[in-house]
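Have a look at the structure below, then the notes.
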Amino acid sequence: MRAVQRRVVAYLGQAGECSRAELGEALGLPKGTVAGVVAGLVELGIVVERPAAPGPRAAGRPARVVALAGAGAAVGVVTVASGRVRVSVATLRGEVLGAAEGVLEPTAGQATAVEVFAGLIESAAARAGAGLVTGLVAVVVGVGSPVPPPGGRGSGGAGRRWEFVPVWLDGALAAAVRARTGVEALVENDANLAALGEWRFGAGRGRSDVVLLKLGERAVGAGLILGGRLIRGRGGFAGELAHVQVRADGPVCSCGGRGCLLHAISTELLELAQPAYDERLTFASVLRLAAAGDIGLQRLLADVGRLAGRPLADLCTLLDPEIVVVDGSVGAAGAHIVHGVAETIERHASPAMAAAVVAGELAERADVFGAAALLRHEWSRSEV
Ligand SMILES: [Zn+2]
């Protein structure tokens with residue numbers, strides 16, 4: 001799509017249906033340009049023009065409106081965590097049309113990763129319905145590590161590569177996905193995507209300062225929205241809660257630090273719980289058992305919240321967010337994590353700070369909503 005087409009799609013994603021005149025006024029485009037852009041998008045199957053819904057007809061009410069074609073404008077959302085690849089094909093409003101799952105070895109090269117992503121996008125699109133593939137307008141890849149800026153190698157300075165960044169992830173990934181799929185591609189940290197999703201569509205709606213805590217299998221991260229902007233930092237490292245030091249004499253981490261929060265949480269959660277169970281515990285099974293009423297694991301999850309809450313308390317004192325959202329992908333057991341985080345922030349943050357701690361509202365789909373929010377944001381500021 002051309003830049004002006006992206007702006008129109010982003011506007012329609014937010015506004016829903018509107019007349020050509022409203023579109024031109026909102027985006028500052030002349031009538032002739034709007035007509036050409038709409039015609040082009042209709043031809044691509046991304047936009048439809050249809051009669052306005054029946055209702056009281058005020059003078060000058062348009063007979064026809066422009067809107068996104070329901071399943072026509074779709075985005076492929078790829079998320080990679082612990083070697084599992086999950087793909088959703090969704091609308092720009094976050095509605096999932098089709099999904100597929102696969103695996104990717106952390107040592108796989110970039111060409112292999114891109115092939116896996118493209119194959120799963122095709123499978124998900126096929127499940128979403130015939131004709132959708134032509135309506136795929138973008139791909140967003142969410143990853144559980146810092147995203148190097150375009151051209152960057154994921155290095156923390158002096159050319160040293162971050163060991164915890166997968167081999168296939170560098171500043172060239174977006175261009176490689178674009179070349180393979182033929183549509184625009186963006187790569188974003190998964191906690192950032194969840195933060196964008198909850199901010200635009202979920203628990204952080206209407207706020208301008210939102211911190212999101214994301215927990216997964218051997219993964220912990222934060223997404224920071226400050227002053228209505230996603231904060232990524234110089235090299236994409238902002239919000240990497242996993243590598244905040246919580247034990248000065250703790251084990252050495254692949255980031256080069258010692259006693260990182262990631263290790264403390266992994267130890268607290270699985271190694272402390274395992275001796276009491278015959279079955280091999282995973283993060284997912286701990287969440288499932290806790291949600292089903294296992295009191296020991298509920299207490300452990302509250303402790304995980306307390307551990308993550310300690311650096312979050314300092315972060316709250318320093319940044320004064322309105323709300324801290326615990327990502328909803330942890331399901332019903334998340335209530336125990338919320339409890340631990342809230343208690344620790346209340347105990348350790350400055351009493352002058354008053355951030356509410358809440359569970360996310362978008363369950364495991366915050367990343368899909370976040371991808372829609374990211375695209376709308378990127379496209380709405382495209383140069384014409
Ligand atoms: Zn570390």
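Just so you know, all these numbers are worked out from the coordinates, no wet-lab data involved. Quick caveat: nothing in here was measured; it's all calculated off a predicted structure. Cβ placement follows ideal geometry from the backbone for every residue including glycine, while neighbour counts extend to all protein chains displayed.
Details
- An ellipsoid equivalent to the chain, defined through the eigenvalues of its Cα gyration tensor, has semi-axes of 39, 23, 20 Å when rounded to whole angstrom and sorted largest first.
- Hydrodynamic analysis of region 205-361 uses the Kirkwood radius over alpha carbon pairs. Inserted into Stokes-Einstein at 10 °C and 1.306 mPa s, it gives a translational diffusion coefficient of 100 µm²/s.
- When each of the peptides 98-110, 254-266 is scored by the mean number of other C-beta atoms lying within 10 Å of its residues, the order from highest to lowest reads 254-266, 98-110.
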